[in-house]
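Just below is one structure, and these are the notes that go with it.
The values are calculated or read from the model by the stated rules, or taken from the named source; none is laboratory data. These numbers were taken from a predicted model, which means no experiment stands behind them. Cβ placement follows ideal geometry from the backbone for every residue including glycine, while neighbour counts extend to all protein chains displayed. Quick note on the areas: whole protein, heavy atoms, side chains included, nothing else; ligands and nucleic acids left out. Shrake-Rupley method; radii C 1.70, N 1.55, O 1.52, S 1.80 Å.
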Amino acid sequence: DGLQIEVNKAYEKLWGFPASHTVNKFNVLESKEVVETGLISSIQKAYAGESVDVGEYQFDSTGATEADGPGRARWLKTIIYPLKDSQDKVKNIVITHEDVTERKLVEEALRKTEAIQSKMVANIGDVLVIIDQNGINQYKSPNVTTLFGWQPEELVGNSVWDNVHPDDRDSAQKFLANIAKASDAGGTTELRYKRKDALYVWIEVTVLNLLSDPDIQGFLGNYHDITERKQAEDQRISLEAQLHQSQKLESVGTMVGGISHELNNILQGMFLYSGIIEEQLPDDESLKGNFKQLQAGAEKARDIVKQILTFSRKAGVDMKPQPIHELIMGSLALERASIPANIDIKQDIDTNCGMVLCDKTQIHQIIINLCNNAEHAMKDRGGILSVSLQSAQKTISKGDPAIDVLELTIRDTGHGIEPADLERIFDPFFTTKQVGEGTGLGLSVIHGIVEMMGGH
């Protein structure tokens, strides 16, 4: 009928009062706490002859013990089973309570700690990783999705090298092998890491050797995205190189521009007096021939002075809006006559490019200079000279929006330019041609013209 008829010493300790307070006095079926916890239904099942494992639940101990204090709830693990007589009828039921409060408190504290750690790992700016001694991913923190697009389960179990850029893989493997030599050794390196969209980003990888740690048994790593920093470094290096080149050309341009003006004045006097002398020459073919050679040399010198003045931006120019495709096609038509037959010219010129503010003579000079260089590179074996003019969108400086431009591209199938020479190709008077074959002014003049036009 629900009346408690016997309790043990542990019962007295759990609830904090002697057995005399409850034996033959407390009816569990009438207990408010028993009803509220749902324990009543399990007791009724036991009366019906069924053993019931109630499980774990909270129960108010009423604060009877000093340790509990007023109203402290305790966690109990309860099993209820029937005691039957010889005719298999239920005589009494036995209720066992195991106090699991301390374990539940420890579990709750651990759960909170794990929840805090999980949130910290998920919200930290970097990706935390664990890699075993064979280079297999054992753990990737959740924010690998935010930073690189991968779900952790897509990476765990796969080789860490799968996402390292092929050009960085060898150095990264040597880096990890070096750390593996000593327990608790660590280090930092930089490499390119593949995102899920197949793009590579720069990351800084910090690794600690915890192979001997029983909990980690691997390399504990940290991935820090440094793409913006690397881009800023590249931009700084590029800007420094541009500034250095600009300062160098400006300095040389100022110097040679002044000299060229003086030379031009001298040449003007030479041409004036050569005209007078030519009229006074006797009718001697040999003498006239020699004089023509002098005039030809002076004219060549005048052409070089013009190129220098163009490079130094001191020559007068006639800037007008003009259809640049017509200028380029006209220049190529003139070039065809002087280019050897074993060199083919292929044109891909967009005739709907519109107008460009430029000087007709200077555009012609760009084409002539570049085609002459291409011809020189292919003169022995012949080849293909390709000229393209196309509309495009280009980002001139990193971080700037893309703008509409016209892109003039001239290619040849010749021997190319040695990498060591690339930094000097715009230097005035620098040439890789034999003595007498070039002045070294072609590309520097082009550089000056294009910058004068506001191009790149």
From highest to lowest solvent-accessible area (probe 1.4 Å; ligands, DNA and RNA excluded), 224, 415, 325, 456 read 456, 415, 224, 325
Run down the lysines and flag those whose C-alpha is under 18 Å from the C-alpha of residue 379, throwing out any fewer than 8 positions away in its chain. 346, 433
Sum up the charges of everything whose Cβ sits under 11 Å from the Cβ of residue 202, counting Lys and Arg as +1 and Asp and Glu as -1, but leave residue 202 out. -4
Just tell me which aspartates and glutamates come within less than 18 Å, Cα to Cα, of residue 91; anything on the same chain fewer than 8 places away is out. 1, 6, 50
Please work out how much accessible surface residue 161 shows to a 1.4 Å probe, ignoring ligands, DNA and RNA, in Å² rounded to 10. 50 Å²
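Order of 272-281, 228-237 by packing, highest average Cβ count within 10 Å first?
Details: 272-281: 10.0, 228-237: 12.3.
Top of the packing list down: 228-237, 272-281.
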What nm distance separates the two modelled labels at residue 35 and residue 420, each placed 7 Å from Cα along Cα→Cβ? 10.0 nm
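Order the following by accessible area, largest value first: 422, 327, 3. Probe radius 1.4 Å; ligands, DNA and RNA are ignored.
Details: 422 95, 327 25, 3 65 Å².
So the residues, ranked largest to smallest area, are 422, 3, 327.
Round to a whole number: what % of the accessible area of region 67-192 belongs to carbon and sulfur, probe 1.4 Å? If you can, show how the numbers build up before the last one.
Working: 3940 of 7590 Å².
Within region 67-192, the accessible surface is 52 percent carbon and sulfur.
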Along the charge dipole of the chain, which of 94, 280, 385 sits closest to the positive end, that is, farthest toward it, with unit charges on the beta carbon of Lys, Arg, Asp and Glu (+1, +1, -1, -1)? 94
Among residues other than residue 91 whose Cβ falls under 14 Å from its Cβ, what is the net charge (Lys/Arg +1, Asp/Glu -1)? -2
Order of exposure, largest accessible area first, which applies to 140, 91 with probe 1.4 Å: 91, 140
Explain nothing, just compute: Karplus ³J(HN,Hα) = 6.51 cos²θ - 1.76 cosθ + 1.60, θ = phi - 60°, for every residue of region 166-175 in order, whole Hz, x for Gly and Pro. x, 6, 9, 5, 4, 5, 5, 5, 5, 4
How much accessible area per residue does the chain have, counting only protein heavy atoms and a probe of 1.4 Å, in square angstrom? 61 Å²
Dipole of region 73-159 [Lys/Arg +1, Asp/Glu -1 at C-beta], most positive-end residue of 138, 157, 110: 110
Note the full-extension length gain between residue 180 and residue 285 as 0.36 nm times their separation in residues minus their Cα-Cα distance, in nm to one decimal. 28.9 nm
May I ask you to list the lysines whose Cα is less than 26 Å away from that of residue 104, ignoring any residue fewer than eight positions away on the same chain? 9, 13, 32, 77, 112, 119
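Using the Cα centre of the chain as the reference point, and only Cβ charges (+1 on K/R, -1 on D/E), how large is the resulting charge dipole? Debye, rounded to the nearest 20.
Numbers: 46 positive and 67 negative charges, 51 e Å.
Dipole magnitude for the chain comes out near 240 debye.
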Quick one: accessible surface of residue 426, probe radius 1.4 Å, all protein chains present, in square angstrom to the nearest 10. 70 Å²
Return, ordered by residue number, the residues of region 95-111 whose backbone nitrogen is under 13 Å from a label point located 7 Å along Cα→Cβ of residue 73. 105
Heavy atoms of the protein only, probe of 1.4 Å, neighbouring chains included. What is the accessible area of residue 318 in Å², nearest 10? 80 Å²
